[in-house]
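Inspection log for the structure reproduced underneath, given as structure tokens.
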Amino acid sequence: MVNRKQWLSLVAGAIALMVTATACGDDGNTGGDGPSVEQGLTGSISISGSSTVEPISSLVAELFNGPNPDVEIKVEGPGTGDGFELFCQGEIAIADASRAIDEDEVTACTDGGIEYEELEVALDGITVMANSASPLECLTTADLYAIFGPESKGINTTTDANALSKKVGGAGDMPVQDLEVTAPGEESGTYDAFIDLAGIEDTAVENGVAEDAAAALRSDYPSSPNDNVIIQAMEGSPNAIGFVGFAFAQEAGDQIKELAVDAGDGCVAPTSDTIADGSYPLSRSLFIYPNVATAGSDDAVKAFVDYYLTEDGLVTAVEEAGYIALPADRQEASRSAWSSVAS
């Protein structure tokens, strides 16, 4: 049986997963509150987008295929932005997203005649990591700006980063070490969410960066949409630093160090509890976006989304994938939002 670490490694490798039948769920039990789920369906479902959400959707697909082995489900994780591009062109039924849909994507979906519903499915914390040999333990948001922000190009030591950190109001007291940045790229929802949650854009504008350049990270680091590639970079050099989703960081070995973040209220480490209560500064929501029209005309797609919103999806699959389940009231809010458009 594949354990969670092996599963995450498989799905995060951007390999298309053709889900097959499993031995669970044959009695049709939904596993908790939520709509009843049809059995014995046929058809195909295409899902693409966030590599962060991909493990959750893949596990939900595996569970759903128990009573519905004749539904072919393809789950891919090229990145949130790439997923929305396919979704708004009508090429996939469901978009996985590690951030909310942005204005340009809303326009693209409108232009493409795509009606969707935003459904929150889990909680995550973007986890800043370094090699275990690094002297770093906690970074302020000013430090994050100095290492990753749009003014950080060419900064390869904490000595230089400290000067920029001080310039934007930080203490500038990171211990001395070289820096080798590896992180998600622009196609990733984690990239966009990091800019937002770490206050990168606001800090850049306040520091005189032009608005059209402020909502970006430094342009001189090797990027990857594959979280495992980023983790391998962290493992490969004592100077490495980057960030990934919480579940992937938790599955990394002892060569990786998770760093606490200080957004003004002291250093807070990423844990299930600090992400759930929002005290970890880089906490965020994860989403799926089903095509409402497709769900209305395709029983398999509607049944899959129905199943995703049961306890099997919103709790069992979320926690098995290493993320944090939504509070009960937010689970119910997602169910109600879906019921209002898909009934």
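Tabulated data for the structure shown
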quantity	calculated
Value of Rg to Rh for segment 226-343 (Rh from inverse mean 1/r over Cα pairs, i.e. Kirkwood)	1.07
In degrees, nearest ten, helix 328-342 long axis to first principal axis of the chain (Cα)	50 degrees
Accessible area per residue, Å², the chain with all protein chains present, probe 1.4 Å	40 Å²
Lys, Arg +1 and Asp, Glu -1 on Cβ, resulting dipole of the chain about Cα centre, debye, nearest 20	720 debye
Pairs of lysine residues in the chain - Cα separation under 24 Å, sequence separation of 8 or more or cross-chain	6
Antiparallel %, DSSP beta bridges [both residues in the chain], to 5	60 percent
Ratio Rg/Rh [Cα only; Rh per Kirkwood] for segment 82-184	1.15
Segment K153-T107, extension gain: residue separation times 0.36 nm, minus the distance between their alpha carbons	13.4 nm
Extreme residue, positive dipole direction of the chain, given options V209, V176, C109 (C-beta unit charges)	V176
Carbon and sulfur %, accessible surface of the chain computed with the full protein complex present, 1.4 Å	46 percent
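The values are calculated or read from the model by the stated rules, or taken from the named source; none is laboratory data. Remember, it's a predicted structure, so these values are computed and weren't measured experimentally. Cβ atoms come from the backbone with ideal geometry, glycine included; neighbour counts cover every protein chain shown. Heavy atoms of the whole protein, side chains included, go into the accessibility calculation; ligands, DNA and RNA do not. Shrake-Rupley method; radii C 1.70, N 1.55, O 1.52, S 1.80 Å.
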